[in-house]
1. From the C-alpha coordinates alone, can you work out the Kirkwood hydrodynamic radius of the stretch 341-398, in Å?
2. State the percent of C-alpha pairs, over all pairs in the stretch 26-119, separated by a distance greater than 22 angstrom.
3. Net charge around Gly68, counting only other residues with Cβ within less than 10 Å of its Cβ (Lys, Arg = +1; Asp, Glu = -1)?
4. Taking the chain as the reference, fit the longest principal axis to its C-alpha atoms, fit the long axis of helix 165-175 to the helix C-alpha atoms, and give the angle between the two in degrees, 0 to 90, nearest 10.
5. P(r) for the stretch 179-257: what percent of alpha-carbon pairs falls in each 5 Å bin, starting at zero?
6. For the chain, give me every cysteine whose Cβ has no other Cys Cβ within less than 4.7 Å, ordered by residue number.
7. Using a Förster distance of 25 Å, how high is the FRET efficiency between Trp327 and Glu262, based on the Cβ-Cβ distance and rounded to 0.05?
8. Just round it to a whole percent: the fraction of Cα-Cα distances in the stretch 199-239 exceeding 16 Å.
Amino acid sequence: MSTLLIEGGQRLSGSVEVEGNKNSALPLLAACLLTADECVLTNVPRISDVEVMARLILDLGGEVEGIGSTTLRVRCPEVIKDEPDAALVGRLRGSVLLLGPLLARRGRAHLAPPGGDFPARRTINTHLEALESMGVRKVEGAGHVLEAPAGGLRPTSIYLYEASVTGTETALLAAAAANGISEIRHAACEPHVVELCEFLLQLGVGITGAGTTTIRIEGGGRLHGAEHKLWGDYIEAGSWAVVAAVTGGEIDVHGARPEDMEVVASVLTRLNIQCGSNGELFRVEQSTPRAAGRITTSLWPGFPSDLVSLVTVLATQAEGQTLVHDWLYELRLFALEQLSGMSADLFLCDPHRIIVTGPRKLRGRPLDSRDLRSGMALIAAALAADGQSRLSPLETVERGYGRLVERLQGLGAKVAKMS
């Protein structure tokens, strides 16, 4: 495991370009398994989660060229087994996205418990319910053992109890192979769900309603290859915006779509951060943060939970009190208890709500990156703090932020990676 050594107190400024959305790259790679033809993905983020998914495809008998680069060429003329490598599955929650393609190509899927952040608290019940509505049945065995009905997956009309992003994507991937028209209601609307729909359209799947809560899929036809450039990662763009704002700097973030950055700009503006988009350029100017009163996460197009940890750190530097309410995940805020040891003024009301009073001068200290997003938030806090901090394991954060140390250094941060 690696440690990131951080000397705080530096104002970060400059320019950074985001790569493709991690949360799009994983389902698009899974979708490549639906066709025997070559698929080409460009602007792929160079992060460890994508490498794990690519290696899962290799393990299943596919061919993947360009691992570690921004262009991946994927060919899956044969899928040679229905049980992906358990060790790789245990490193990646997104491995659940393989269920639909495996059931389509092999008629069976045997998946070990997926890993990722908070695996014990994040079930795949929504995913399984969607698949069961297509005739899939559970079989006794370790992990998740599923079998498709004779004759293949059946079209469905289903209301998802939870508007889960990966649950919606699992239903989409399976419905693409079901012969007939399926309808998914209470579907997730996030940009990465829309991007998967766009890619499936390119493969030859009939889809309407992408970006709404009702998606109709006409599946079962022969799917062909496609080439697709991934949309820029708005979560990463928002992360860099907060890193600059919390250190009193300014930054130009390139590559994220302006329609995806609107919600980020809305919350930053409430914290008195001067920011805005000009095409795919998102600019943050040097600002003095002020308390926002209340910030609440929501389903898209509301404020994403993936940015709540970073905004909580920014609130420690804002004058006044801010109530941060993340009703989606309780453990994101628990992971920020380490900020109290950095001299932040926090009051945890309950697992979903925290009151932040600022501004407070933070102090460096050893930090534990328990999950991807709070890990990046703690790096932001350490950059704003006086003195030295050490964050480990750095690999937790590198799952979602490519070339992290290099890019921090390019913005003026005094950081070093230690093995």
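1. Numbers: mean 1/r = 0.0828 Å⁻¹.
Kirkwood hydrodynamic radius for the stretch 341-398: 12.1 Å.
2. Value for the stretch 26-119 (Cα pairs over 22 Å): 19 percent.
3. Working: positive: Arg46; negative: Glu51.
Every neighbour counted, the sum reads 0.
4. 20
5. 3, 14, 18, 16, 14, 11, 9, 7, 5, 3, 1, 0
6. Cys76, Cys189, Cys197, Cys275, Cys349
7. Working: r = 21 Å, r/R0 = 0.84.
Calculated value: 0.75.
8. Working: 444 of 820 pairs.
Within the stretch 199-239, distances greater than 16 Å cover 54 percent of Cα pairs.
The values are calculated or read from the model by the stated rules, or taken from the named source; none is laboratory data. Please read these numbers as outputs of a predicted model, since none were measured by experiment. Ideal geometry is used to build each Cβ from the backbone, glycine not excepted, and the neighbour counts take in all protein chains shown. Note: areas computed on protein heavy atoms with side chains; ligands, DNA, RNA excluded. Shrake-Rupley method; radii C 1.70, N 1.55, O 1.52, S 1.80 Å.
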